[in-house]
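Nothing in this text is a laboratory measurement; each read-out follows from the coordinates by a stated rule. Every value quoted in this text rests on a predicted model; they were computed, and no experiment measured them. Positions of Cβ are backbone-derived with ideal geometry, glycine not excepted, and every protein chain shown enters the neighbour counts.
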Amino acid sequence: MQTQTTISVTLKDGSKKEIPDGSTGLDLAKSISNSLAKKSIGLVLNDELKDLTTILKNGDRVEIVTQDDPRSYELLRHSTAHVLAQAVQNLFKGAKIAIGPVIEDGFYYDFEIPNHTLTPEDFIKIEKEMERLANEDQKFVRVNIKDVDMQLNEFKSQGEKFKAELLEQYKNENPTLYVLEDKSGKSVWNDFCRGPHITSTKQIKAFKLLSVSGAYWRADETKESLQRIYGTSWWSKEELDGHLNKLEEAEKRDHRKLGRQMDLFSMHDETGPGLILWHPSLAFVRKQIEDYWKELHDKNGYEFVYTPHIAKTDLWNTSGHNEFYKENMFYMSVDEQDYVLKPMNCPFHVLIFQSRRHSYRELPIRMAELGTVYRYERSGVMHGLARVRGFTQDDAHIFCRKDQYVEEIKGVIDLVDKIYKGFGLNYFAELSTKPKDAIGTKEIWEFAEAGLEQALKEYGLEYKINPEDGAFYGPKIDFKLKDALGRIWQGATIQLDFNLPNRFDLKYTEKDGAQEQPVMVHRAIYGSLERFAALLIEHFAGAFPVWLSYKQVIVMPISDRHFEHAEKIFNLLKEKNIRANIDLRAESINAKIRDAEIEKIPYMIIIGDKEISENLISVRARKKRDLGSVQVDKFIEQVLSEIKDKTIGT
Ligand SMILES: [Zn+2]
Ligand SMILES: [Zn+2]
């Protein structure tokens, strides 16, 4: 047999490249160009992210991941987590390491540290040690664990119980160790890990530790409690600074913080976690978005219904929720009868549909409800308004014939587009297809998926496909919203359902008298009003457009002698249904302006001697914009048109 001295690999562009047998990804990069080799971080080898130093095999498909590739950050951040772990073990005697995965824009690492509670003050020390380790130019070297028992014993003798437990768990899956070697090739530290990593710690140049919190080993409250350090890592100082600025801005906009500052909503120990009390100012926002929703749904042929908050378990047995949604439901017992607080509105709408016979001529039926649902969430995952236990869905269910299905979906997409435009929000769509554990026939899935795709195409909306990410009972379109900081929020969903029509045996009468099952579509556009409110608060940083502002205008007389005229202006605004307020406190005008700015009131009207003598008003918009003197009528006209047109950006 002839020895092969070269191998052939396929590059990203489909071209083939001959390289010496035994070459690594880095060798491949060098053989293409030195500048490429310099920027190379890792590989995507046959669709899997790998170390740059992986030895290539004949026939491999190789894509070189450079610093410009978003996937390179995964390697950098995860590797930074290892350096963090090494630093913590160097600094805190007896610290044991658990896991250190990558998260969005960063990483964390979990530690068990005897007799020391980490504080942000420790970060300076740890960061300094990390910098020292990075400068040591330690190499990440992948080692196959051949003798698992020996390695287990070593971990155990080091007291590394978490590593030992993980190795025990993965011992039959070709476990690997990553050894960090100093310049002389001596092993200085190691961690049980699958990789991949960057090549050298020297590539870690711009990182920061952000926060510390408590965690449990394997997220299990009965197991060891750990300390979790969060951090972020970037290729350059500029990128890091940009990210830190964004975090700072996000913190300023945090809806929980603004919620307190602006008196928007509250939660109380007495009510329990995840149950929201909407205060008047945010309740007004909600009323506006509900009215807008009702107006558009009315125009688009939806009919409104109301359904109760609880139902006997019988209903949830039929719907299947009592079986597959049990962990998320609140149960109660009254008169020896079990009830469930509704986690979804769908079964009620199905009952309304079923309460009489339907002919093909009546379809589509579009049934809408702002329905409040309750779902159990673990207390640890609750987050302000964004993740709660009780929330209101802007829910609707469409029951239609197969030949109406594509048009119905297009109609929903159009409604989503209209509604989001009212808030000036950008969005994108994702189509999730048949998962592995799906119910329903191949034909029905093909019909449903093709219909959603056709609707997206005919509407002209770009979309990404999430393969196998649909629900077990049908495919769906998800809409993701982008806020002012570029963060992504879950928005609308359009969901096909083959399950409920079967379970409730839904029927309508076809032209020829045959009994047919209608197509059932679930859809929500805001999703949850609570989460949508959180998005609006953070997107606008609390400075809502005029149409959503609880206080739209505030009239501020400079001193007592201007009160009368100020009240006249105030009454004029009120008469025109503008939400006006008046500040008659004995405060200086500057104090009044400052307070109105904190409240983020869109317009301030200042009344003094000059304004009275000229019969004009001085107007200031929030964010310190002086709009000068204008006639009251003109101003009223402008505010009214901003409200009517839902103008953004006052
Ligand atoms: Zn690792
Ligand atoms: Zn539903």
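Some points to look at:
- Residue-by-residue Karplus 3J(HN,Hα) for the range 493-501, coefficients 6.51, -1.76, 1.60, Hz, glycine and proline x: 9, 10, 10, 7, 9, 9, 7, 4, x
- Sequence of 603, 230 once ranked by neighbouring C-beta atoms within 10 Å, starting from the fewest: 230, 603
- Here the Karplus relation 6.51 cos²θ - 1.76 cosθ + 1.60, evaluated at θ = phi - 60°, turns the backbone of the range 549-559 into coupling constants of 7, 5, 10, 8, 9, 10, 9, 10, x, 6, 8 Hz, with x for every Gly and Pro.
- Local net charge near residue 294, Cβ-Cβ under 14 Å (Lys/Arg +1, Asp/Glu -1): -3
- Shape call, the chain: gyration tensor on alpha carbons, a/c limit 1.5: oblate
- Note on 405, 306: ascending count of other Cβ atoms within 10 Å places them as 306, 405, the fewest first.
- Relative contact order (%) - the range 6-66, alpha-carbon pairs under 8 angstrom, separation at least six: 41 percent
- Working from label points 7 Å from Cα in the Cα-to-Cβ sense, the residue 629 to residue 511 distance is 7.3 nm.
- Cut-off 11 Å between beta-carbons: net charge of the residues surrounding residue 305, Lys and Arg +1, Asp and Glu -1: -2
- Added length on full extension, which subtracts the Cα-Cα distance from 0.36 nm per residue, residue 291 to residue 188: 30.6 nm
- Residue-averaged [θ]222 nm for the chain, counting only DSSP H segments that reach four residues, each worth -39500 (n - 2.57): -11000 deg cm²/dmol
- Distance between the range 27-42 and the range 54-121 - C-alpha centres, whole angstrom: 23 Å
- With a simple spin-label model that places each label point 7 Å from the Cα along the Cα-to-Cβ direction, the separation between residue 318 and residue 450 comes to 3.3 nm.
- Gyration tensor (alpha-carbon) shape descriptor, the range 409-543, a/c threshold 1.5: prolate
- Taking amide H atoms as placed 1.01 Å from N in the peptide plane, the amide H of residue 581 lies under 5 Å from those of 553, 554, 555, each 5 or more residues away in sequence or on another chain.
- The range 6-66: C-alpha gyration tensor shape, a/c 1.5 cut-off, then a/b vs b/c: rounded
- For the range 276-359, averaging the sequence separation of C-alpha pairs within contact (under 8 Å, six or more residues apart) and dividing by the residue count gives a relative contact order of 24 percent.
- Members of 16/39; 551/646; 287/457 lying beyond 25 Å, as alpha-carbon distances in this model show: 287/457
- Computed from phi, the 3J(HN,Hα) profile of the range 18-30 under the Karplus parametrisation 6.51, -1.76, 1.60 (θ = phi - 60°) reads 8, 9, x, 4, x, 5, 9, x, 5, 4, 4, 4, 4 Hz, with x in place of Gly and Pro.
- Pairs of Cα atoms nearer than 8 Å and 6+ residues apart set the relative contact order; for the range 76-156 it is 27 percent.
- The range 342-372: trypsin sites (Lys or Arg not before Pro) falling in loop per DSSP and having at most 14 other Cβ within 10 Å: 356, 357
- Footprinting exposure proxy ranking of 61, 531, fewest other C-beta atoms within 10 angstrom first, gives 61, 531.
- The amide H of residue 329, built 1.01 Å from its N in the peptide plane, has 376 as neighbours under 5 Å, considering only residues 5 or more places off or on other chains.
- Count Lys and Arg as plus one, Asp and Glu as minus one, and take only other residues whose Cβ is under 12 Å from that of residue 318; the net charge is then -1.
- Radius of gyration (Cα atoms) of the range 546-645, expressed as a multiple of 2.2 N^0.38 Å: 0.97.
- For residue 371, residues with placed amide H under 5 Å, excluding near neighbours: 393, 395
- Proximal lysines relative to residue 464, as straight alpha-carbon distance under 18 Å, when same-chain residues fewer than 8 apart are discounted: 410, 434, 476, 480, 482
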